[in-house]
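Report on the structure given below.
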Amino acid sequence: MSDTAKLQIGDKSYEFPLVRGTENEVAINIKTLRTVTNGVITIDPGFKNTGSCESAVTFLDGEKGVLRYRGYSIEELAEKADFLEVAYALIFGDLPTKEQLDKFHTDIKSKSVVDDDIKKIVDAFPKTAHPMGVLSSLTSALTAFNPTSVNVESTEDMYNSVVKIMGKFPVLVAWTMRKKQGLPLNYGSKSLGYVENVLKMMFEQPNEDYVVNPIIKNALDKLLILHGDHEQNCSTSTVRIVGSSHAGLFASLSAGISALWGPLHGGANQAVLEMLEAIKADGGDTKKYMAKAKDKNDPFRLMGFGHRVYKNFDPRAKIIKAAADDVLNDLGVNDPILDIARGLEQEALNDPYFVERKLYPNVDFYSGIIYRAMGIPVEMFTVMFALGRLPGWIAQWKEMRLGKEPIGRPRQIYIGENERPFVEIENR
Ligand code: ACO
């Protein structure tokens, strides 16, 4: 294959270099397009064909259903690693040695106390507030209590900011849930592992010791790993673009949380469970909802189905589906919602509408069922996603800052009014 692409506009032709990734992905480098063509730009709504950066964090092949963090397959990571190891690999590039992992965990624990005044901010939210809005606000508020911005030139400063947010974020996650449930805001215990501590902080009752259930701990580890990163999705692109203005890490993450909240992205896990509940309440007629999903005059979509990138299957969904079966069995939970989910999946996989459009269950189709079995309220599902995605956001933000990427500033094609005279208000 030639290493350039030719573009013909009118009678002029231009040549642009091709960029090739380590997995042979190919892009046309159009950095000089505007200059050489005197102002021509590309337009690509939703960035379906646009690469925003070169990245060494995550590789995915949507056609083949492949997902790897830093070269390690998601299947192996989910089976053999714990969340903190995966977080380390995402952020620093390689799986940690035992010493590196121990130090990482110790440093995270040493930074995990949040300023007590943050509790006043939590207090000020009504109990009805959605936890994602609360989490985004609290993450942004951390900036006020940690005002010095990260010196990205300093490896030490960068490392300290990473362990600081890795330590404080789970506290904020737990507090968003405790606030809703009217439970006192707590801290976990330094003697516990990262994920065990998350569970303790979330579920500990004021009048009894919390004992970690290993089935629940393992399931949460797996879910967090599966959500760890997913290259340039909506929330990650948001984190990178906000960070590209040199806004701080916490501010960039807060923006990412808001992007994740939407039902077309991370909010899908909540939407899936609400949809399954609605189907159950409506008599469990999956065929009726399949018909609604296919009806172009009906805004209903089968939540948890389809993906911008995966047009074969979502490898995370496969792992989660198996985990859902195991967790429910292990916990002895018999959830009729799981049967509805299985039924919908079977119908969709055999339905020409879904087959032709390559719509398969995505990561969030089954995750909510596991979260529910673990005792996590529906409104917290997307917060749990954010907890898993945190290391991915950090890794991508760090890569963007260290790569000295320019400020993100897309162009547009203007389609509004041409110049017209101002009309005085009494004459309009
Ligand atoms: N139910 C019914 N039809 C669907 C669905 C669905 N869930 N998803 C896509 N389609 C249809 C579209 O209507 C469209 O049909 P058309 O070609 O006849 O117009 C076609 O499939 C292509 O869909 P697009 O919306 O163009 O695909 P896009 O890549 O833009 O969207 C998205 C992907 C947003 C994930 C979409 O599939 C969707 O809305 N799914 C449901 C929400 C969801 O589960 N989101 C979670 C994604 S995973 C994550 O963020 C972690």
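The values are calculated or read from the model by the stated rules, or taken from the named source; none is laboratory data. Since the model is a prediction, treat every value here as computed from it, not as a measurement. Every residue, glycine as well, gets a Cβ built from its backbone with ideal geometry; the counts of neighbours run over all protein chains shown.
Scanning region 362-380 for residues that are more than 10 Å from the ligand (Cβ to nearest atom) and among the aromatic types (Phe, Trp, Tyr) turns up at least one hit. The number of residues in region 348-361 that are crowded, with 16+ Cβ neighbours inside 10 Å and away from the ligand (no atom under 11 Å from the Cβ) comes to 0.
Looking only at region 266-289, decide whether some residue is within 15 Å of the ligand (Cβ to nearest atom) and in a loop (DSSP other than H, G, I, E, B). Yes - at least one qualifying residue is present in region 266-289. If you check GLU63, GLU15 for being touching a residue at least 60 places away in the same chain (Cβ under 8 Å), in contact with a Lys or Arg (Cβ under 9 Å, 6 or more places away or on another chain) and either more than 24 Å from LYS398 (Cα to Cα) or of a type in the set (Gly, Ala, Ser) (or both), only one passes: GLU63. A single member of ARG301, ARG316 is closer than 30 Å to PHE59 by Cβ, within 13 Å of the ligand (Cβ to nearest atom) and either aromatic (Phe, Trp, Tyr) or in contact (Cβ under 8 Å) with a residue 40 or more places away in the chain (or both), and it is ARG316.
Selection of helices (runs of 4 or more DSSP H) fully inside region 146-261 by the criterion of at least 2 residues being farther than 23 Å from ILE91 by Cα, modelled with pLDDT of 95 or more and away from the ligand (no atom under 16 Å from the Cβ) returns 155-181, 194-203. When region 294-305 is filtered for residues that are surrounded by fewer than 21 Cβ atoms within 10 Å (Cβ to Cβ) and not charged (D, E, K, R), the ones remaining, listed by number, are ASN297, PRO299, PHE300. Only helices (runs of 4 or more DSSP H) whose full extent lies in region 306-368 are considered here, and the ones with at least 2 residues that are of a type in the set (D, E, K, R), modelled with pLDDT of 85 or more and at negative phi are 315-331, 336-349.
Do we have any residue at all in region 294-303 that's assigned to a loop (DSSP other than H, G, I, E, B), at pLDDT below 95, aromatic (Phe, Trp, Tyr) and out of contact with any Ser or Thr (no Cβ under 6 Å at 6 or more places or on another chain)? Within region 294-303, one or more residues are assigned to a loop (DSSP other than H, G, I, E, B), at pLDDT below 95, aromatic (Phe, Trp, Tyr) and out of contact with any Ser or Thr (no Cβ under 6 Å at 6 or more places or on another chain).
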